[in-house]
Amino acid sequence: MNIDVNVLDAGERVIYALRSLYMAKGYRRYRMSKFEEYDFYSRNKSFLVSEDVITFTDTNGRLMALKPDVTLSIIKNTRDGEGTQRLCYNENVYRVSGSTRAFREITQTGVECIGNVGTAEISEVLSLSAGSLEAIGKPYILEISDLDVLSGFISDLRLGKEESDEVLRLSAEKNLHGIQSECEKGGVDEKAVKALTELLAISLPPDAALERLERLCSESGCPERIRALRDVLGAMDDQDVKQHIRVDFSLYSNPRYYNGIVFKGYVEGVYESVLSGGRYDALMQRLGRKASAIGFAVYLDRLERLDMGKAGASAC
């Protein structure tokens with residue numbers, strides 16, 4: 001069915017542009033129920049942004065929940081052994097606002113790639129992330145990190161789990177003084193601390209970041225530590241996209257949910273990220289799945305105050 005984009009408002013044009021982008025790349029639209037059995041989310045609360053979930057009792061007496069997370073629902077309702085599944089969606093989730101503590105209905109659109117996820121698939125999803133930000137119609141930056149690289153440098157500190165988790169939190173804040181203090185208490189070798197602080201100082205375009213990383217990893221005795229990141233960035237040969245990418249290891253994503261490559265997208269005029277995603281093999285494994293996966297969501301509610309004008313129209 002052809003749609004006249006001129007009759008759509010700015011938000012609808014962005015949604016249409018994004019769906020067109022994803023489906024043109026072979027992503028199949030995925031529709032899901034607005035709710036799931038509450039027990040599913042209760043067992044997986046540690047993966048949720050907020051543990052607060054809206055519940056109700058259905059006509060069969062089952063305790064149900066309004067969907068607080070799209071990815072968990074997709075994992076639950078797909079199966080291994082079906083090849084590499086490329087799915088896109090436009091769904092509402094229900095979460096507690098951090099500022100008002102009231103429940104909000106949040107519209108998300110995004111993609112999930114589940115199955116055999118390697119360098120090509122990760123690069124593809126990163127390129128789609130950049131394309132999504134471009135479709136919004138404002139100058140943008142896509143920040144990329146690799147949790148496995150960051151975790152490797154933190155493991156070099158040889159701290160206990162509790163102390164390592166604290167250093168990870170401090171790393172997300174680029175709190176170098178706090179990291180230094182935590183490492184001094186643990187009697188950490190200064191060379192390892194210096195390597196971590198130099199890693200966190202990186203906020204550079206891909207080529208410059210990789211050059212700095214090659215030196216850091218060589219000095220740390222782990223030259224292969226950045227192989228996955230190097231391969232992924234090397235597979236992204238679109239220079240127009242690369243000029244919008246920054247590699248930044250202070251980018252934080254829940255390590256219980258994500259592993260490996262993670263990323264966030266920002267557009268001019270919005271102070272917080274409007275896109276977030278990454279690889280989540282660890283989450284898949286915890287939910288009994290064998291497949292790998294990577295995906296992202298665009299948070300359309302964060303664009304509400306943005307004057308988008310004709311944003312997205314050219315991408316349709």
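Bear in mind these aren't lab numbers, they're just calculated from the coordinates by the rules spelled out. From a predicted model like this one, the values you see are computed outputs, not experimental measurements. Here the Cβ is made from the backbone with ideal geometry for all residues, glycine too, and neighbour counts use every protein chain on show.
I'm spelling it out carefully: the read-out is semi-axes √(5λ) of the Cα gyration tensor in Å, the candidates are [x] 36, 29, 16; [y] 33, 25, 19; [z] 36, 31, 23, and one was derived from this structure. Which label? Evaluating semi-axes √(5λ) of the Cα gyration tensor in Å on these atoms matches [y].
Counted by neighbouring Cβ atoms within 10 Å, the residues SER20, SER33 run from fewest to most as SER33, SER20. Listed cross-link partners LYS76/LYS138; LYS138/LYS290; LYS34/LYS290; LYS174/LYS242 are compared with a 32 Å cut-off, the Cα-Cα value being larger for LYS76/LYS138; LYS138/LYS290. Loop-resident GluC sites (Glu not before Pro) (DSSP state other than H, G, I, E or B) in segment 134-175 with no more than 14 further Cβ atoms inside 10 Å of their Cβ: GLU173. When you restrict to C-alpha pairs under 8 Å that are six or more residues apart and normalise by the size of the chain, the relative contact order lands at 25 percent.
Among the trypsin sites (Lys or Arg not before Pro) in segment 54-121, those placed in a DSSP loop whose Cβ has at most 16 other Cβ atoms within 10 Å are ARG62, ARG79, ARG101.
Ordered by the number of other Cβ atoms lying within 10 Å of each residue's own Cβ, fewest first, MET64, MET32 fall into the sequence MET32, MET64. Pairwise Cα distances in segment 165-216 exceed 15 Å in 47 percent of cases. The ranking of SER151, SER171 by Cβ neighbour count inside 10 Å, starting from the fewest, reads SER151, SER171.
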